[in-house]
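Quick note: the coordinates plus some simple rules give every number you see, no bench work behind them. Since this is a predicted model, take the numbers as computed values, not measurements.
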Amino acid sequence: MSLFLDTNVLVGYIFDLDPWHECALNIFSKDYKKYLSNTIKEELINKI
């Protein structure tokens, strides 16, 4: 299975106070191919 990650998943993974943190950890613990776009990378940098 492959996953395309959006900014919210990455923010949830980075910040443990985020309500979606546990779900994001679950996603990253799976052995799936994970993809994100350059736009998502830029959004993430701007949010952090």
#### Entry: Orientation-averaged projected area, Cα convex hull of the chain (nm²)
3.2
### Summary
Listed by chain and number, the aspartates and glutamates with an alpha carbon less than 20 angstrom from that of LYS34, same-chain partners under 8 positions apart left out, are ASP6, GLU22, GLU42, GLU43
### Query
Given 0.36 nm per residue, what is the gain on full extension from ASN8 to LYS34 after removing their alpha carbon distance, in nm?
7.9 nm
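When only Cα pairs under 8 Å and 6 or more residues apart are kept, what is the percent relative contact order across the chain? Don't skip to the answer; put the middle values down first.
Numbers: 43 pairs, mean separation 21.9, N = 48.
Normalised by residue count, the contact order of the chain is 46 percent.
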